[in-house]
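Notes follow once the structure below has been shown.
The values are calculated or read from the model by the stated rules, or taken from the named source; none is laboratory data. Remember, it's a predicted structure, so these values are computed and weren't measured experimentally. Cβ placement follows ideal geometry from the backbone for every residue including glycine, while neighbour counts extend to all protein chains displayed.
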Amino acid sequence: MLDGFTVLVALEGQWRLHDQPVLHQAMDLVRGHQGGRLVLLAARAEGQRLRGPHQRKLDHDALRALHARTEALGIPLLCFPELPTAAALEALAPVLQPDAVLYGEQSRLFADWPASKAKFPRVFGEFRRQIQGAPEPPLPEPEISVLANGLEAWSAGELETLRHRSMGPPAPPPGPSPERGPNRGDPRSAFPFRGDEASALERLQHYVFDSDGLKTYKASRNQLVGSEFSSKFSPFLANGSMSVRRIWHALEAHQAIFGPSEGCEWMRQELLWREFFLWSERAHGEAFHSESGIQGRLPKANPNRELFRRWTRAECGHERIDAQMRELNATGYLSNRGRQWVASHFVNSLQLPWTWGARYFEWMLIDADPALNTGNWAYLAGVGSDPRSFGGSPRRFDLEGQAKRYDPDGSHMQLWR
Ligand SMILES: Cc1cc2nc3c(=O)[nH]c(=O)nc-3n(C[C@H](O)[C@H](O)[C@H](O)COP(=O)(O)OP(=O)(O)OC[C@H]3O[C@@H](n4cnc5c(N)ncnc54)[C@H](O)[C@@H]3O)c2cc1C
């Protein structure tokens with residue numbers, strides 16, 4: 001058993017060092033104790049399902065990079081990618097029983113309920129109206145050397161014991177090698193990035209300051225092809241390699257330099273949608289993910305397994321939907337517009353149970369986040385927070401009209417034929 005005052009930080013799927021409140025708390029604890037040691041744990045957050053193939057690739061990038069950074073500081077990062085945190089702590093118990101265990105939390109703009117907890121708004125407009133106060137600022141970036149300052153070192157023998165227990169950073173998942181080329185396997189991918197913290201921050205700088213991305217965001221965000229029509233922040237937010245407060249802060253900095261802009265305003269609006277679904281999930285508990293949703297109304301659906309199987313294989317027979325599904329299966333990324341088409345077609349035309357589609361997305365998406373995924377699916381299935389659906393039927397997309405508007409030259413279909 002390793003002794004000495006030890007604080008263990010369970011990162012809970014937040015694979016970054018910047019804007020990590022829990023790391024600051026851990027350092028305070030160690031300092032308050034006049035010294036001690038820190039160890040980081042990367043396991044599956046409680047209640048989090050196993051990640052699908054595309055997200056696993058990003059986790060692999062993020063954890064490898066984090067491992068290299070923290071090990072260089074003498075802070076062990078113990079990886080149990082398949083185990084829930086409690087099981088990982090149990091596996092470590094024979095050699096390590098920390099004096100304190102602190103838990104990382106998913107990055108949110110607000111630290112506390114931004115709208116009424118008791119009567120949480122069912123629609124986004126009301127949520128926006130109720131928001132009081134500004135989002136929290138990100139914490140100052142902990143200088144990596146300051147982070148290690150004041151910590152007692154682990155001996156080589158102790159590090160070896162710990163490493164022996166841990167499974168180590170995850171091995172690259174099967175499939176095309178992540179190291180092969182910038183496009184990570186499929187040259188058509190709209191998300192040709194690695195999933196680690198450095199890549200996340202690079203993308204933030206590029207999209208907000210070094211390109212026209214943010215300036216043109218309002219007009220481009222509904223497009224279907226390429227890496228630049230939208231920010232592509234979602235996979236980084238989902239694996240915690242970027243903090244949402246850091247993004248908000250960058251938008252404020254952009255506004256301070258260039259003045260108010262439509263792009264900035266729309267991006268803020270989208271980040272508030274994210275916030276809305278995260279807090280809705282907390283407010284509504286199990287109902288949020290149930291088939292009857294927050295409206296408590298069971299939609300009509302036909303549980304046809306064969307049709308569902310064809311849909312997952314991009315063989316449902318609608319050429320635009322099949323093209324979207326081919327993109328999803330090959331890369332894990334789909335534009336917001338593409339996701340809306342697919343989900344609307346799934347519930348309205350195929351009439352399959354929306355929770356099946358949501359579960360498949362959660363497995364396949366490179367940015368899968370249960371609250372955002374369910375919130376959007378339930379919205380389109382007419383049992384969530386779409387104000388038009390209360391007491392009525394789900395919103396239906398006219399795919400032909402949509403295609404003329406958003407893919408007039410058929411470039412998405414050609415790409416994903
Ligand atoms: C059926 C369906 C399922 C979805 N599942 C997910 C999911 O699992 N994970 C996920 O992150 N997003 C999900 N979305 C929301 C949205 O499609 C993605 O966030 C967006 O396409 C990601 O690309 P981006 O980062 O370039 O977006 P941008 O347009 O650049 O938006 C910036 C950020 O705003 C937030 N945002 C944008 N649109 C939405 C939205 N509709 N709801 C909530 N937040 C939003 C995201 O954090 C996004 O990264 C889903 C949407 C639909 C219709």
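Would you check if ARG282 is within 17 Å of the chain's Cα centre (by Cα), loosely packed, with under 15 Cβ neighbours inside 10 Å and outside any loop (DSSP other than H, G, I, E, B)?
yes
Name the strands (runs of 3 or more DSSP E) wholly inside region 31-116 in which the number of residues that are in the same structural domain as LYS232 (by TED's automatic domain parsing) is 2 or more.
So the answer is none; nothing clears 2.
Considering only helices (runs of 4 or more DSSP H) fully contained in region 320-417, which possess at least 3 residues that are within 14 Å of the ligand (Cβ to nearest atom)?
Fully inside region 320-417 and qualifying: 336-348, 354-364, 370-381.
When the residues of region 239-259 are filtered to those that are within 16 Å of the ligand (Cβ to nearest atom) and not in a helix (DSSP H, G or I), which remaining residue is nearest to the chain's Cα centre (by Cα)?
Applying the filter and picking the extreme gives ASN239.
Taking ARG49 as meeting all but one of (1) basic (Lys, Arg); (2) within 20 Å of MET242 (Cβ to Cβ); (3) surrounded by fewer than 21 Cβ atoms within 10 Å (Cβ to Cβ), write down the number of the exception.
Just one mismatch for ARG49, condition (2).
How many of the residues making up region 387-417 are without any contact (Cβ under 8 Å) to a residue 12 or more places away in the chain and either farther than 19 Å from ALA330 by Cβ or of a type in the set (D, E, K, R) (or both)?
11
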